[in-house]
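Following: one structure in structure tokens, then a few remarks.
Every read-out reported here was derived from the displayed coordinates using simple, explicitly stated rules and does not represent laboratory data. All values reported here derive from a predicted model rather than from experimental measurement. Note that we place each Cβ from the backbone using ideal geometry, even for glycine, and neighbour counts take in every protein chain shown.
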């Protein structure tokens, strides 16, 4: 794999998709307002939960805000990269244009995962970072090197898991053709990532850590922020992220064997 | 004669759309599953005994969220997304020539989808009752009729709002981002995630003047047997429909004048 070539191609991707997205400037403004309102809405919902209770599942309000911050960042990443690209797979397969992707002298997974970019997601990522900095202040978290590396590692693992989940579902389009709604199911499940895992009942906790590892995505990085995280949990998250990334790659190569282009 | 013609039109539209929808049964099943967020919320409420502070018993709250799920299932509207695609692809032009407002077509599409969705929603409800047998109840016929009516009115309000937004497609290309913006207050204020009774007083003081609580909270309270003001709720729903309908008619006539077909 030629890294330099891929970097160069990615720069071109960025250029073309930014140019086409910036044509809709008011759209970006509306998306920004949407992101802000959505954050206000979730904090409002949290405040309803906490209005008569000091803690939920062992989390105080100011601690639960960290989860919101991380969720907002991850959601911004989803809206910037995963959503625009991976919903495109469905279109490629339905209209048979995946042929053109496969013919290109470049890795097909790289191409379909990073081709497009939606700049309005950046604002959401920034919003999430603001909230996180605010949380660091109100929770009096010490910023040291150890904490920074651990949080960086766990958040990148979360991104990998999230990417793999999206990629799995989009890849299954090769068999099912229409998977818009499977993506909606994933979206609604991801919604629970806004709340601490301990606030759910035992059976749901098992479901969301063993079957669909959404629990790892926000709860473990937030625990790192609070200095509560055990070492084995971080190791587990790294393992799961690696397994998910490798299987998503294998699954893509496997699925391609079943791809028959539109007219055949 | 004329009424017979209208009747035939409605019947044909519904039949065509219903058979169209039946083709995508799996899609619709998945879509039904993606509406399970109220159950996750219920889990947080009961698992942390949050409902004690708002004086609603576990059983009543679980009925409330089940009804909220049902009301949401039968008031989901996506007309703006269909219309946006059709208008970008230039499919609106042939519809405009026909002696039938194209929104009737979308309306029939939604109704047909609801009929297809009904069995799946019932299956999900059955699972819910298996896990929560104590929350089984049978509403009396009058209440059932009124809640079906209010759910339909809620659907009408949302359909009108989205149709108004959809008509903005005549001026801007991406009206769906406005719809995504409007969806945020609908999500947080309609009672889908938390019953409106639990909202803090400073929100409750003005929220009943907006259409939001009549979209999900009111029909769900009615059906689940929680306390609600039936005549006020229904009259507010009808009032909003009377306010929105002329607005839609106006924006539609203005928009069709403005419309320039693809390639012209």
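General observations
- Cα-based shape type of the protein assembly as shown, given that a ≥ b ≥ c are square roots of the gyration tensor eigenvalues and the cut on a/c is 1.5: oblate
- For the residues of B:41-52, the average number of beta carbons from a partner chain within 10 Å of their own beta carbon is 5.
- Nearest-ten-degree value, helix B:37-47 long axis tilted from longest Cα axis of chain B: 10 degrees
- Counting only alpha carbon atoms, the long axis of helix A:25-50 and the longest principal axis of chain A meet at about 40°.
- For the peptides A:108-117, B:107-116, residues were scored by their other Cβ atoms within 10 Å and the scores averaged per peptide; the highest-first order is B:107-116, A:108-117.
- Chain A, helix-only ellipticity at 222 nm - DSSP H runs n ≥ 4, -39,500 (n - 2.57), divided by all residues, nearest 500: -24000 deg cm²/dmol
- Where labels lie 7 Å past Cα in the beta-carbon direction, separation of residue A:91 and residue A:256 in nm: 2.2 nm
- Kirkwood hydrodynamic radius (C-alpha pairs) into Stokes-Einstein, the range A:39-179, 20 °C and 1.002 mPa s, D in µm²/s: 123 µm²/s
- Mean projected area of the Cα convex hull of the range B:32-141, taken over all directions, amounts to 9.7 nm².
- For the range B:56-78 and the range B:170-192, distance of Cα centres in Å: 21 Å
- The orientation-averaged shadow of the Cα convex hull for chain A, equal to a quarter of the hull surface, comes to 15.6 nm².
- Packing rank of A:46-52, A:163-169, where each peptide gets the mean count of other beta carbons within 10 Å, highest leading: A:163-169, A:46-52
- Cα gyration tensor category, rounded, prolate or oblate, for the range B:132-173 with a/c compared to 1.5: oblate
- Principal-axis tilt of helix B:2-22 within chain B, Cα atoms, nearest 10 degrees: 70 degrees
- Label-to-label distance, nm, for residues given as residue A:211 and residue B:100 (7 Å Cα→Cβ offset): 4.2 nm
- Dividing the Cα radius of gyration of the range A:15-85 by its Kirkwood radius returns 1.13 for Rg/Rh.
- Residues of the range B:95-127 with amide N under 17 Å of the 7 Å Cα→Cβ point at residue B:12: B:95-109
- Peptide A:32-45 shows a mean partner chain C-beta count of 4 within 10 Å per residue C-beta.
- For the range A:155-195 and the range A:8-23, distance of Cα centres in Å: 24 Å
- One decimal place: the segment residue A:228-residue A:100 gains 41.2 nm when fully extended, by the rule 0.36 nm per residue minus the C-alpha distance.
- Whole-Å distance, taken between Cα centres, linking the range B:200-264 and the range A:33-55: 24 Å
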